[in-house]
Amino acid sequence: MGADVQKVATHWIPLVYDEVHALAKRFLLSERVNHTLQPTALVHETYLHLLQQSVPLADRARFLQIATRAMRQVLVNHARRHRCLKRGSGRTLPLDETLVVFEERSWDLVALDEALTRLAELDPLPARIIELRFFGGLTMQEISDVLEVPKRSVEREWAMARAWLRRAVRDE
Amino acid sequence: MNDHGDSSPLRWQETKRVFHALLKLPPEDRESALVHLCGDDVRLRQEVQSLLSHHDPHDQFVEPPKDRLAAGLLQSIGGATRVDQHVGPYRLIRELGSGGMGDVYLAQRTVGSLREPVALKILKRGMDTEDVLRRFQTERESLALLNHPHIARLLDAGSTGDGLPYLVMEYVEGRPIDEFCESGDLGVEPKLELFEKVCSAAHAAHEQLVVHRDIKPSNILVTQEGVVKLLDFGIAKILDPERDAATTKPDTPRPFTPRYASPEQVAGESVGPASDVYSLGLVLFELLAGEAFRRRAGATIRVSALCPEVSREMDAVLSTALRHEADRRYRTAHELEADLRRYRHGQPVLATEESVSERLGRSWRRHRVAFVAAALLVVAVIGGAWQALQAQRERAKAVAADERAEQVADVFEGMLMEANGEAQLTELRQLVDMASQRIVDPKGLSPEAEALIRQTFGRAYVRLGAYQEASSHLRKAVLIARQVFGENDESIAETLHELGGLLSHTGAYDEAEELLREALEQRRRILGPRHIAVAGTLHELAMVFTRRAEYVSAESFLRQSISICEEAGDIGEEGLATNFGSLGSVLRIVGKVDESEKCYLRSLEIRQRRLGENHPLVGLALGGLSLVRSDRGDVRGAEDFVRRALAIFEESFGGDHPNTALCRNRLAGIMSQRGEVEEAVDFYYQVLETRREAFPEVHPMIAETLCNLAILIHDQGDYEEAERLCWESLDIRQELFGDDHPSVARSLTVMAGIALVKGDASEAESLYREVLDIQEAKFSLDHPETNYTLRRLGFVVSGRDLKEGRALLEKARASAIRVHGPQHADVAEAEDLLGRCLMLQGEYEAAEPMLDGALEMRRRVFGRTHPYCADSLCNVAHLAKAMGDLEKAERALREALAVRDAYFPRAHHQVAAVLRQLGDVLSDQGKLEEARELLTESLEITESVVGAGTVYHADVLSSLAKNQSARGEGEAADECWSQVVEILEPLDDERQLGAAMLQWSRSLLARGESFEAHQRASSAVASLRGLLTEDHPYLLSARLAEARAADACGNREAGREVYLDCCRVIESRWLEPEQVPFGLRNAVREFEQQAEVTGDDFFEAVVTGRRIDGR
């Protein structure tokens, strides 16, 4: 991520985080099991909130990367907090439900996040692909567009990164 | 990191090359290629092998959720950054952020000497540039006065090259206050100190008549030096002057942040400084509590509950700042600041917490405003009237609509939770109706939003008691949700749960069970088996079982649900209260009264603690306790509880709500138990009306009311109406539950009672037996309802077979004592009936204490004026008469008459019965005139109310005949008696027939009609022999009468023989002559007098020990 992106990210991440946080708190306090507890809806809302604010950024690829990272951060932070809560007071966090799908897929979102960070140190490209696909929900073609990497390469990188991550997470 | 391979980037690249190469090959070729590619690099080979073993293209690992999130996104991002551009005399250096109003840049003047960095906000398209600039000029002066150390100044305004307005402000390099507090781990005191400065800044602005309108943490920055600055003060005034709520379209963009907005802002009303005070309160709450402020049903979250370092005084401060009505908050930010300082210095604060009733009283008004706004929105959403948004893309429009939908859902929820009183509910109902009619053609609404809206309406209608509307919305919501979300979605489970709950409530049990089981299965799978939502569905299923009288299943599901709630701690508590309430009711039904009471008390305790004293759920628990008290025979306690519950329900739901009806039903039950029948009947008719409106035609609640009403109407003497009501309830119950449900049994019980009054004892007996079968299968033998049936059956059977009846009654009495102890209404009734049975069996000595005891117990339990006491008095009188104590009998009957007269209308069969009995006694006493009056009235009542040709009719005619005979009107008497026999013969009532024949025979004999008398006496004996034992005084009396008639006819030998036989029986049964019942003694004397057995009569024989036959 270039210096420029970093700079924008410092503005965007809190913003995205804020939005998701606000949602999360709404869930947290709502007594009923809200239909918007769906993770897809959560992500949707975050993006669409951003959209509505007539994002002035020209570079959509850059924005996507930032937003995706923001989403990752939001979800992982919640997972981490949830883990603390579980260990701590024993109180469960209703937000769990937003994470259920993510958690089911990855067994442990926090472990996945850590492994992803290690992967990025080894090789940033596959890590970014995973981020865009898993947290951002982009298609292979979109990732190829965003990263300006041939789609075939994206798919190969994806396959290997996935195997590597699964092993890493499973070995945790 | 891990043990796999070499983690250097170089090694990684090698691994990657091999891995990628192998992926191109079919899986079966990979092994040999791997060996080939790696050569003798064993670690490389192992690493690739390991990775391949984790490669599975079909695995869902790190696959994104199924929706494609970015599709719309990619197309939508447009516009270029303005960084490095020039705007007026400013150069934009970098972006600082973006918000609802526009983008903010760090900028620097390129001309003049002031080169300090500034914040430059370029406003969104849609604002009229000229207006903005004009207003800036107008406001310039007052804004210039806003020179406060904690307010970022507004410096300049202008328009960009492409015609957008921009505002220039003092640039503040700092972090939002919440972030600052969190990262610095600030304690309560420094937080408050910081916040006081914010308040003082806001107050300074307010004094210049500038309202912020958008106070939120991101507008309150703290610099590295710890200086706090409010941004954007004055902007609102320039952009948005003097908003007029009346002319503002609801969908016009409004520059405020909903999360920190005051209620009047949300409602689109004009705002003043108090609105900022509210926002300040919200921010402060968040700073202290670490989470957003939110009102919940019945209670507001207290900051002291979330932040243990602050005391309850802070709750008072915040609740004052956060009052919904602007005029009840702190009047100025300065007042808030002063109270914060007082708090910080440990001085008492001026703020006081609002009491619950104050808050409830006001909640409606404020919610109503929000609701009307929301209802307008939903109308706009649904009607597709989004002209203002037409410029936007379809997708964005739908999103906006969806968001509105959610807002509406939230507001609804809030309203429903807090709506109080009849008027409010009526109003709410109208609003919901209005809004829901618009959903008929849901254009512009995504299916998700439609499902949500429908679910919300469904919920609203459930809460309003409009179950048909509710189910129509919920059914559609399920349908849509299934199409949109597929099967693997919690929101379907939720709607299924709602709908299942509703169906179960409205009596469609099979469908309810099916839906709820589906919801349960989905929730277990999606949320995990111990999730709190699973507990909710378990409970709902338990309710289905309860309603179907499958109590074992119900109890087991409730206990499962309880165990999940208990694990869940605080969030499970309300569920726990609900479960305990339901378990209480199941346990009570199966007769475990003590356990049941414990459950209800537990439920009550939790609810009172969490919801306050006047919450409807507290009312439910009170209702349960009332039932427990009722079971225990504590009528007063029961009434006390149910009246408390009713007061809560009427207040919360209004008079027409089914819950209120339920409660009223209970109260009516208690009132009738206490003898206030007319009041009870009125009540039940009200209840019935409410329920007929709320429920479908075939519904258990309607059946219940019909049945209860039938009982009362029956008590009041209108048997036709009672029977009609009862049939209706029986039909409903049989249709709903089949033939073997306890509630079917309840209807049958009432039918049996009616059959009995109509004199059809065998019908009554067979009905009671049917009821007993059902109850013994569903309840324990000691269950109060089973016990009641046993008593009634014992009573009916004793009319046919005293021995069998007595056995049943003894069983009932033992069971009642086992359950309730010796002092209980049920025991009293069993003893009253048993005493009566003993009396009829001729065991007067055993009967007397039993009947007296029952009377005393009833007086204690129900009070002296209760009709149950009159029942007892009649039996006591009956016995007294049989034992010759006519005065006691008269006294008892006069009291009974007074009691029944006060309780029933005069034209009532119970009044008629006591009139007859009293007339009879008076005839015996020789008070013939008064007796005749009473008997004539009794006859009139009986003929009009009960009908001619009934047992009661025969009874009265018989007594009247006796009176006429005593008055010397023999022919009239004979006519009466022949009528009596005509009535009784087809009814197979041998006891009555025997009694009548005996009376008739006596009358005839007195008039010298010996032959006729003998005939009647013989048939009396024949009738009674089948019923009574040989040593029964009544049978003996009849035989002596027969003997006397035989003697009178000249057949002295036959008479004497019977006489001697009777004497032998009497002698062996009663040891002392004074123990021989009065009536029998009389009969002996009469025979002896007529047969001239003088000097050595029977009594003397007994006393002197001489045998009569040995004379």
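Residue-level check: of (1) modelled with pLDDT of 75 or more; (2) basic (Lys, Arg); (3) assigned to a loop (DSSP other than H, G, I, E, B), B:Lys121 misses just (3). Check whether at least one residue in region B:981-995 is farther than 18 Å from B:Ser958 by Cα and in the same structural domain as B:Phe1087 (by TED's automatic domain parsing), and report yes or no. For region B:981-995, residues farther than 18 Å from B:Ser958 by Cα and in the same structural domain as B:Phe1087 (by TED's automatic domain parsing): absent. Within region B:298-310, residues that are over 17 Å from B:Tyr343 (Cα atoms) reach partners that are aliphatic (A, V, I, L, M) and at pLDDT 80 or above with beta carbons closer than 6 Å, at six or more positions or on different chains, in the pairs B:Leu306/B:Ala289. In region B:807-828, the residues that are acidic (Asp, Glu) reach residues that are crowded, with 22+ Cβ neighbours inside 10 Å and in a helix (DSSP H, G or I) with C-beta atoms within less than 6 angstrom, at least six apart or across chains, in these pairs: B:Asp826/B:Asn787; B:Asp826/B:Ala816.
Conditions tested, residue by residue: (1) under 23 Å from B:Glu309 (Cα atoms); (2) in a loop (DSSP other than H, G, I, E, B).
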site	(1), (2)
B:Gly158	no, no
B:Phe180	yes, no
B:Asp185	yes, yes
B:Lys191	yes, no
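Only one of these is modelled with pLDDT of 80 or more, under 20 Å from A:Ala115 (Cα atoms) and of a type in the set (Lys, Arg): B:Arg11, B:Arg30, B:Arg43. Name it. Residue meeting the stated conditions: B:Arg11.
Is it the case that A:Val169 is hydrophobic (A, V, I, L, M, F, W, C) and either touching a Leu at 6+ places or on another chain (Cβ under 8 Å) or modelled with pLDDT of 85 or more (or both)?
In short, yes.
Residues in region B:624-639 that are over 13 Å from B:Ala668 (Cα atoms) and part of a helix (DSSP H, G or I): B:Gly624, B:Leu625, B:Val628, B:Arg629, B:Asp631, B:Arg636, B:Gly637. Candidates in region B:565-590 are the residues that are of a type in the set (A, V, I, L, M) and either in contact with a Leu (Cβ under 9 Å, 6 or more places away or on another chain) or assigned to a helix (DSSP H, G or I) (or both); of these, the one that is surrounded by the most Cβ atoms within 10 Å (Cβ to Cβ) is B:Leu583.
Looking at B:Ala1048, B:Ala1013, just one residue is buried (at least 24 other Cβ atoms within 10 Å of the Cβ), touching a helix residue (DSSP H, G or I) at 6+ places or on another chain (Cβ under 7 Å) and in contact (Cβ under 8 Å) with a residue 12 or more places away in the chain, and that residue is B:Ala1013. Considering every residue within region B:218-232, establish whether at least one is in contact with a Leu (Cβ under 9 Å, 6 or more places away or on another chain), modelled with pLDDT under 70 and farther than 29 Å from B:Leu133 by Cα. No, region B:218-232 contains no residue that is in contact with a Leu (Cβ under 9 Å, 6 or more places away or on another chain), modelled with pLDDT under 70 and farther than 29 Å from B:Leu133 by Cα.
Here region B:496-511 is the region considered, the condition is being without any contact (Cβ under 8 Å) to a residue 12 or more places away in the chain and acidic (Asp, Glu), and the residue that is surrounded by the fewest Cβ atoms within 10 Å (Cβ to Cβ) is B:Asp510. Checking each residue in region B:870-919 for being aromatic (Phe, Trp, Tyr) and either assigned by TED's automatic domain parsing to the domain that holds B:Ala1083 or over 18 Å from B:Leu756 (Cβ atoms) (or both) picks out only B:Tyr903. I'd like the full set of residues that are in contact with a His (Cβ under 9 Å, 6 or more places away or on another chain) and either under 18 Å from B:Gly1026 (Cα atoms) or not in a helix (DSSP H, G or I) (or both), limited to region B:787-819. Matches in region B:787-819: B:Leu802 only. Taking each residue of region B:834-858 that is more than 20 Å from B:Leu1024 (Cβ to Cβ) and outside the structural domain of B:Arg632 (by TED's automatic domain parsing) and looking for partners that are among the aromatic types (Phe, Trp, Tyr) and crowded, with 17+ Cβ neighbours inside 10 Å with beta-carbon atoms closer than 8 Å, six or more apart or interchain, yields B:Arg858/B:Tyr868.
Here is the figure for region A:113-172: residues that are part of a helix (DSSP H, G or I), facing another protein chain (nearest Cβ under 7 Å) and of a type in the set (Gly, Ala, Ser) total 3.
The values are calculated or read from the model by the stated rules, or taken from the named source; none is laboratory data. Note that the structure is predicted; figures quoted are calculated from it, not measured. Every residue, glycine as well, gets a Cβ built from its backbone with ideal geometry; the counts of neighbours run over all protein chains shown.
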